[in-house]
Amino acid sequence: MRKLRDNLFVFDYDMMNTKCFVIFSEHFVFVIDTFLGPDSIRDLYDFIMEFKGGREIVIIYTHWHYDHIWGSCLFGKCRVIAHERCRRLMKDSAQDVLEDFRRREPATVMGDVRIIVPDIVFSDSMEINDGDFRLRLESFPGHSEDSIIIIAEPWNICFAGDSLEDPFPLIHEVKGGAAMLASGLKRLDERGFDVIYPSHGARTDKGLLTDNISYLEALAEFRSSNDSDFADYCRINNITDSFYIDSHRENIEFSK
């Protein structure tokens, strides 16, 4: 656990180079994403239980993917907020995805996972006010159709979920996702946030945003690329992780 500023903490997990965030306001504890199951975030849960006092726990999903939602059952009954498409996608597919992982990659399912579907949803945007503290949740499709960003306005910081990623985002779920996400990230850049936190990766510098935009715009150049071009790109950009090598190829194929 690292303290990023008063009332804002990040929990870093080696698997998938993942970050989960905890925010304390006057009456609430906000948990941004809940990783791979109850056993994956025991430290986060214990920390909250120690310091929450009389605050209400509120979970926010940045999107419906398994590595962002499986730990929510650890908290028992609490409010869960997400985009309206997140609720639909979870109702349609989340249990099937869980069962598939239990068969193929059981080590990824960390604990007795139960799917917790969001009970509070929004379409374009939503604001949560607690005294002088305000969170603004905004729809931000591209990585997935239900992706959102979360803005802590008193701090001028943004939590981007998987819409920003180190070394690059994945866009092989939404047709046209590369152009959609590049356009959204450009608008995000214009808003001048002090920090934009991704859910995966070590980098939080402003150059990551520029690099992600450049990557997404360059995908068009790879639409007819051969294996030599692909290998050269991975070598030049120091992409050695097998997950991102495969993801880069999938991004290219999906952008054709």
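The values are calculated or read from the model by the stated rules, or taken from the named source; none is laboratory data. Keep in mind that this is a model prediction, so the values were computed, not measured. Here the Cβ is made from the backbone with ideal geometry for all residues, glycine too, and neighbour counts use every protein chain on show. Ligands, DNA and RNA are excluded from the accessible area calculation, which covers all protein heavy atoms including side chains. Shrake-Rupley method; radii C 1.70, N 1.55, O 1.52, S 1.80 Å.
Brief remarks on what is shown
- The chain: Rg to Rh, with Rh as the Kirkwood radius over Cα pairs: 0.96
- Protein heavy-atom surface of segment 167-256, 1.4 angstrom probe: 48% of the accessible area is carbon and sulfur, with nucleic acids and ligands not counted.
- Comparing 72, 214, 199 in a Gaussian network model of the chain where C-alpha atoms under 10 Å apart are linked, the largest mean-square fluctuation is found at 214.
- Accessible-area composition of segment 1-120, carbon plus sulfur, in percent [1.4 Å probe]: 46 percent
- Three-way shape label, segment 56-190, alpha-carbon gyration tensor, a/c 1.5: oblate
- Pairwise label distance in nanometres, residue 15 with residue 187, each label 7 Å out on the Cα-Cβ vector: 3.5 nm
- Average accessible surface area per residue within the chain, 1.4 Å rolling probe, Å²: 46 Å²
- On full extension, the segment bounded by residue 240 and residue 42 gains 68.2 nm, given 0.36 nm per residue less the C-alpha separation.
- Segment 36-188: Lys pairs at Cα distance under 29 angstrom, eight or more positions apart or on different chains: 4
- Residue 78 exposes around 30 Å² of accessible area when a 1.4 Å probe is run over every protein chain in place.
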